[in-house]
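The structure follows.
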Amino acid sequence: MNQSVTTGRPVLLDIKHLRKYYPIRHGLLQRVTGQVKAVDDVSFHIFEGETLGLVGESGCGKTTAGRCILRGIEPSGGEILFMRGPGDVVDVARQDPQSMSTLRRNLQMIFQDPYSSLNPRWTLLEIVGEPLLVNKIARGKDLEDQVADMLKRVGLRPEFMRRYPHAFSGGERQRIGIARALATRPKLVVADEPVSALDVSVRAQTLNLLEDLQQEFQLTYLFISHDLSVVEHICDRVAVMYVGKLVEMCETEELYLNPKHPYTEALMSAVPKADPDLKSQRIVLEGEVADPGNPPSGCYFHPRCRYAYDRCRVESPALREVAPGHLAACHRAEELKLSVAPA
Amino acid sequence: MTPQNDLLIEIKNLKTYFALDEGTVKAVDGATLDVRRGETLGVVGESGCGKSMIARSILRIIDPPGQIVDGEILYYRSQAGAPPGASHQVDVIDLAKVDPRGPQIRAIRGAEVAMIFQEPMTALSPVYTIGNQIVEALEQHRQVTKRDGRTEAIRLLREVGMSLPERRVDEYPHQLSGGMRQRAMIAIGLACRPALLIADEPTTALDVTTQAQILELMLRLKTERGMGIMMITHDLGVVAEMTQRVAVMYLGRVAEVADVRTLFHNPKHPYTIALLNSIPKLGRRARARLQPVSGMVPSPYHRPKGCLFHPRCPSVMKGLCDQKEPPLITLEGAQRVACFLYGGGGER
């Protein structure tokens, strides 16, 4: 199964109706009075070898979605179909802990903060070697060789193996985190804001490294980020989330040249452009991101949308194909002429 | 040259050092720059380049063991009662020499030079209401009754675009969203009508759409009030949108100062050029490889000799850049650059 109908490319991960709800409890008896729909019926797929960007503002559920895929957080519902090998598809959401632990070597994560995500009391050998050890891939001298090899590939000197994370700068620590994630040769890597904590000059080095490693190991990335310029640079396709729902998804170029959802338009126009001649035709959104525990009626974006009309206030728009390969959840997607980030 | 009465802050060869057990950290090491009345100066650089320490040196709020060891911070203070904009008399105060706990700096700090911080949740007190914190800023510098203070606080909150200011004034910081907290922070900074507002990464902790709101607000306030803003940031996009002039810093020194168009279209210092090349640009549609600045920012205890950037510089000149420190020289159009490529090295 799992060949995309339109392109014929193999699908590595197929996510169907993924949900993560958190109960809101009130009162003495801690009765459940509502739900925070952090991830609300999200469906998308990732082709083998591509980079899919997942963008949105804080609290939109992008990190929760990423962690649900690795079962770092237990999803409330939905299917996460992962193609382990040709013709061998497993539902990650329904694995027992034992089979999950063998599956995890295929599914790894790169974290945002290189300071808090590395154990300060472990040497690089322990940090990068641990996944090899627990998966019984290597031990002893072989383990050291593999760690040395991995460190070399991410651009660190193997002699550093006995040192502790504090001896390294932010960019180097992020490389250590990447080495650890790639040690078991995973197929899918969820990169959660991997360059957000880094300085500009180091950010470019790390992005180049991620691209090189993708080539070298045939990796598939789910790249979670709020930074639209980084996403445009590294991703093949982009999915935009707003208050737990997907609002738009298509190829990167198509999204930036031809956005179909007003939220995407506003998001892109809000990014400060590094060119003083392009000063602001900024669309400044009024108000704040909706509360996922008490979302507005109809389309969640309608209170901030300058194109909203009566239907948007009552009817929640479904994610549908508005152009070939271009999904958007907006009632007016076809009629609106949305502006584009200046080129 | 610029007319002298235009100047607001003039920093000359400022050195702020931290004497630690491991060695001396030269957070600011001979920085020279100025801010003029009513302009927005961007100060950019990567973490550890000393941009925040310049701001803290101006306000004299450096934590020990840090101290100003050399240099001048001249503050051109307009005399009370002079109408703003008129060619008025100015006093010149060297803020580097005043007692950091004395009455003189206390009269300036928060009233004439105010600062807004990066992380509004840690900069605001969690145990006082927003209103109390604004009134406190007012009470420090003038006599106000409780009722007047409260009215003024509500007026300020309305000015910074806070919804329902009458209600927000009695709320605590944890009841507000990140963007609202930053608005409250700005209201405190504006309370005494400062001549200079120092904004230290004011939008770094915020989402893009909230960032757009805050930047829009700052642009509006600057036009309405005619104050100078020193915008400290690492985001070149924010610099391009907000500032008139930019100072690029590297390891405690100013590498280049230019007006914003010149800096982006005709950068001179190799570090500025490298920095501009390393950022992915939105809408540029280039999946071309990024060109990162090679190497890493050196450790503060092992600063390179000569030009601080020479180990990472693609145009390094052996025997010159690794021996002598390049002075900040002025090119045409008041662009200033500290690099031997443009002279200043004497005989080669």
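Just so it is clear, none of the values below were taken in a lab; they were calculated from the coordinates. This one's a predicted model, so the numbers in the text were calculated from it and none came from an experiment. Using ideal geometry, Cβ is built from the backbone for each residue, glycine included, and neighbour counts are taken over all protein chains shown.
Could you give the longest part of chain B that holds none of the chymotrypsin sites (Phe, Trp or Tyr not before Pro) found in DSSP loops with at most 15 neighbouring Cβ atoms within 10 Å? Walk me through the numbers before you get to the answer.
Details: sites that count: B:TYR128, B:TYR301.
Looking at chain B, B:129-300 is the longest stretch - no exposed chymotrypsin sites (Phe, Trp or Tyr not before Pro) with at most 15 other Cβ atoms within 10 Å.
As a test, work out the antiparallel percent of DSSP beta bridges whose residues both lie in the protein assembly as shown, rounded to the nearest 5.
Taking every DSSP beta bridge within the protein assembly as shown, about 65 percent pair in antiparallel fashion.
Taking only DSSP H segments of four or more residues, each worth -39500 (n - 2.57), what value at 222 nm results for chain B once the sum is divided by all its residues, to the nearest 500 deg cm²/dmol?
Dividing the helical sum by the residues of chain B leaves -8500 deg cm²/dmol.
While we're on this one: Report the calculated FRET efficiency for B:VAL144 and B:ALA107 (r = Cβ-Cβ distance, R0 = 22 Å), to the nearest 0.05.
Efficiency for this residue pair is about 0.85.
Taking the Cα centre as origin and putting +1 on Lys and Arg beta-carbons and -1 on Asp and Glu beta-carbons, what dipole magnitude results for the protein assembly as shown, to the nearest 20 debye?
Taking the Cα centre of the protein assembly as shown as origin, the dipole is about 480 debye.
Could I have the simple spin-label model distance between A:ARG94 and B:ARG158, label points 7 Å from Cα toward Cβ, reported in nm to one decimal?
6.1 nm
May I pose another question? Stretch A:GLU335-A:ASN135 to full length: gain in nm at 0.36 nm per residue minus the Cα-Cα span?
Result: 66.7 nm gained on full extension.
Scan segment A:166-262 for chymotrypsin sites (Phe, Trp or Tyr not before Pro) in coil per DSSP, keeping those whose Cβ has at most 10 other Cβ atoms within 10 Å, and list them by number.
Qualifying residues, ordered by number: none.
Further, regarding this structure: Could you list, bin by bin from short to long, the percent of Cα-Cα pairs of the protein assembly as shown in 10 Å steps?
Percent of Cα pairs in each bin: 3, 13, 22, 25, 20, 12, 4, 1, 0.
Among B:MET249, B:PRO103, B:ALA274, pick out the residue whose Cα is farthest towards the positive end of the charge dipole of chain B, where Lys and Arg carry +1 and Asp and Glu carry -1 on C-beta, about the Cα centre.
Result: B:ALA274.
Hey, another quick one. Given a Förster radius of 60 Å and the C-beta distance between B:LYS97 and B:ARG167 as r, what FRET efficiency does 1/(1 + (r/R0)^6) yield to the nearest 0.05?
Working: r = 45 Å, r/R0 = 0.76.
The computed FRET efficiency comes out at 0.85.
Considering only chain B, what is the antiparallel percent among its DSSP beta bridges, to the nearest 5?
In chain B, approximately 65 percent of DSSP beta bridges are antiparallel ones.
Excluding residues fewer than 8 places away in the same chain, name every one of the lysines whose C-alpha is closer than 28 Å to that of A:LYS337.
Counting by Cα, and skipping residues close in sequence, A:LYS337 has these lysines nearby: A:LYS62, A:LYS245, A:LYS260, A:LYS273, A:LYS279, B:LYS281.
Using a Gaussian network model of chain B whose springs link C-alpha atoms within less than 10 Å, name the residue from B:LEU197, B:LEU290, B:LEU157 with the highest mean-square fluctuation.
It is B:LEU290.
Another question, if that's okay. Give me B:CYS313, A:CYS68 sorted ascending by neighbouring Cβ count inside 10 Å, so fewest comes first.
With the fewest neighbours first, B:CYS313, A:CYS68 line up as B:CYS313, A:CYS68.
Determine which lysines satisfy two conditions relative to B:LYS26: a Cα distance under 21 Å, and not lying fewer than 8 residues away in the same chain.
List returned: B:LYS12, B:LYS15, B:LYS51, B:LYS97, B:LYS305, B:LYS324.
Would you kindly derive the ³J(HN,Hα) couplings of segment B:153-169 from the backbone phi angles with the Karplus curve 6.51 cos²θ - 1.76 cosθ + 1.60 (θ = phi - 60°), listing them in order in whole Hz, with x for Gly and Pro?
Going residue by residue, I get 4, 5, 4, 5, 4, 5, 4, 8, x, 7, 6, 6, x, 5, 8, 4, 4 Hz, with x marking Gly and Pro.
Could you work out, residue by residue across A:226-239, how many beta carbons of other chains sit within 10 Å of that residue's beta carbon, and then give the average as an integer?
That works out to 3 on average.
Turning to a different aspect of this structure: List the longest stretch of chain B that has no exposed loop site; here a site is one of the GluC sites (Glu not before Pro) assigned by DSSP to anything other than H, G, I, E or B, with at most 12 other Cβ within 10 Å.
On the way: sites that count: B:GLU22, B:GLU347.
My reading of the result: B:23-346 is the longest stretch.
Taking only the alpha carbons of segment A:12-145, what extent do you get along each of the three principal axes, in Å, biggest first?
56, 41, 30
Let me ask something else about it. With N residues in segment B:178-291, what two-decimal value do you get for its Cα radius of gyration over 2.2 N^0.38 Å?
1.17
What shape does segment B:112-207 have by the C-alpha gyration tensor, where a ≥ b ≥ c are the square roots of the eigenvalues, rounded means a/c under 1.5, and otherwise prolate means a/b greater than b/c and oblate the rest?
Note, shape of segment B:112-207 comes out oblate.
Just in segment A:38-129: which trypsin sites (Lys or Arg not before Pro) are loop by DSSP and have at most 12 other Cβ atoms within 10 Å?
Hits after loop and neighbour filter: A:ARG121.
Sort all Cα-Cα distances of segment A:252-343 into consecutive 5 angstrom bins from zero, then give the percent of pairs in each bin up to the one containing the longest distance.
2, 13, 22, 23, 19, 12, 6, 2, 0
Right, something else. Taking square-rooted eigenvalues a ≥ b ≥ c of the alpha carbon gyration tensor, is segment B:45-155 rounded, prolate or oblate, where a/c under 1.5 means rounded and, failing that, a/b exceeding b/c means prolate?
Oblate is the answer for segment B:45-155, as a/c is 1.5 or above yet b/c matches or exceeds a/b.
Which one, A:ALA38, B:ALA55, B:MET180, projects farthest toward the positive side of the charge dipole computed for the protein assembly as shown from Cβ point charges (K/R +1, D/E -1)?
B:ALA55
Can you tell me the dipole magnitude for chain A around its Cα centre, using point charges on the Cβ only (Lys, Arg +1; Asp, Glu -1), in Debye to the nearest 20?
Here chain A has a charge dipole of around 920 debye.
Test of the criteria: in segment A:234-343, which trypsin sites (Lys or Arg not before Pro) are in a DSSP loop and have at most 15 other Cβ atoms within 10 angstrom of their Cβ?
A:LYS279, A:ARG306, A:LYS337
Please give the contour-minus-distance gain from B:THR122 to B:GLN244: 0.36 nm per residue of separation, less the Cα-Cα distance, rounded to one decimal in nm.
Working: separation 122, 0.36 × 122 = 43.92 nm, distance 2.98 nm.
Extending this stretch completely gives an extra 40.9 nm.
Compute the length gained on full extension between A:ILE24 and A:ASN294: take 0.36 nm times their separation in residues and subtract their Cα-Cα distance, giving the result in nm to one decimal.
Details: separation 270, 0.36 × 270 = 97.20 nm, distance 1.06 nm.
This chain segment gains 96.1 nm when fully extended.
What is chain A by shape, rounded, prolate or oblate, if you read a ≥ b ≥ c off the alpha carbon gyration tensor as root eigenvalues and call it rounded for a/c under 1.5, prolate for a/b larger than b/c, and oblate otherwise?
It comes out prolate by the Cα gyration axes.
Further, regarding this structure: Using alpha carbons only, what's the Rg to Rh ratio of segment A:134-219 with Rh from Kirkwood?
Across segment A:134-219, the Cα-based Rg/Rh ratio is 0.96.
Taking chain B as the region of interest, what is the percent of Cα-Cα pairs per 10 angstrom bin, listed from the shortest bin to the one with the maximum distance?
5, 23, 32, 25, 11, 3, 0
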